[in-house]
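Structure, as structure tokens:
Here, each number is a calculation from the coordinates, and none is a lab measurement. No experiment lies behind these values; they were computed from the predicted model shown. Heads up, the Cβs are rebuilt from the backbone with ideal geometry, glycines too, and the neighbour counts pull from every protein chain shown.
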Amino acid sequence: MNILVIKSSVFGDNGNSSALVNAQLDALKAQHPQATVVVRDLSTDPVPHLDGDRVSAFFTPPEQRNDEQQAVDAFSLALIEEVKAADHIVLGLPMYNFGIPSQLKSWIDHVARAGITFRYTENGPLGLLDDKPVTVLAARGGLYAGTDNDTVTPYIKLFFGFIGITNVTFVYAEGLNMGDDVKEKAMSEAQATLAG
């Protein structure tokens, strides 16, 4: 059992989504004591944002890449290999200003690679990765799940589906900025769902 943990809170382990990630990880490790865990904390070890040089590295044929371009490609392939090797992915997902954290977007930009994790066909895009369970721990300051203001849930489903992963489950902790009582109740309910 290989578990890939992705934390994207700017507060690192102090973030609400990270607390839920740790609870889910404890539950998984109780079920699979011999599990191997890889933690990718995007706040302490950020993935660079895309720029023209990084995109050019992706599209330059391997035999024509310079050393810097080779390093960019190798970094991206290492992130992809973590996803491929995982039997279960646990994603901590805060919502910032109606979207995903920019550091998570950078990770996505390095994982969504044409010809590697997806390819275009006559019938549209085809994901190239094996399906596997993804548990998304979504922490929000307000109440957004099931409303038009939740742009995060469909985006994350779209991204994982695009690369071939459709077994995506969301656990929400909402209203976390709406008072201590609301926060405590939301976090407790989410953790109870994970312990399930």
Exercise for review: Name the most mobile residue of G127, G161, G115, meaning the one with the largest mean-square fluctuation, in a Gaussian network model of the chain with Cα contacts below 10 Å.
Suggested key: G115
Exercise for review: Please count, across the chain, the pairs of lysine residues with Cα atoms under 21 Å apart that sit 8 or more places apart or on different chains.
Suggested key: 14
Practice item. Name the most mobile residue of S56, S102, S43, meaning the one with the largest mean-square fluctuation, in a Gaussian network model of the chain with Cα contacts below 10 Å. Key: S56
Review point. How far is helix 16-31 tilted, in degrees, relative to the longest principal axis of the Cα atoms in the chain, given as a value from 0 to 90 rounded to the nearest 10?
Key: 90 degrees
Practice item. May I ask you to list the chymotrypsin sites (Phe, Trp or Tyr not before Pro) in the range 1-99 that are in a DSSP loop and have at most 13 other Cβ atoms within 10 Å of their Cβ? Key: F11, F98
Practice item. Name the long-range amide H neighbours of A173: under 5 Å, sequence gap of 5 or more, or other chain; modelled H, no Pro or chain starts. Key: A138, A139, R140
Review point. Expressed as an acute angle from 0 to 90° and rounded to the nearest 10, what is the orientation of the C-alpha long axis of helix 67-85 relative to the principal long axis of the chain?
Key: 50 degrees
Practice item. Could you tell me how many degrees, from 0 to 90 and to the nearest 10, lie between the Cα long axis of helix 180-195 and the main elongation axis, the longest principal axis, of the Cα atoms of the chain? Key: 60 degrees
Study note, to complete from the structure: Checked against the structure, the computed Cα extents along the principal axes in Å among (i) 58, 38, 37; (ii) 45, 36, 33; (iii) 58, 49, 24 is the one labelled (i)
Exercise for review: Could you work out the per residue convex hull volume over the alpha carbons of the range 1-107, in cubic angstrom?
Suggested key: 111 Å³
Review point. When the chain is treated as a GNM, springs tying every alpha-carbon pair under 10 Å, which of I165, I108, I116 comes out with the largest mean-square fluctuation?
Key: I116
Point to revise | Square roots of 5 times each gyration tensor eigenvalue, C-alpha, the range 65-128, largest first, Å | key: 22, 18, 14
Point to revise | Helix-only mean residue ellipticity at 222 nm for the chain, each DSSP H run of n ≥ 4 adding -39500 (n - 2.57), per residue, nearest 500 | key: -13000 deg cm²/dmol
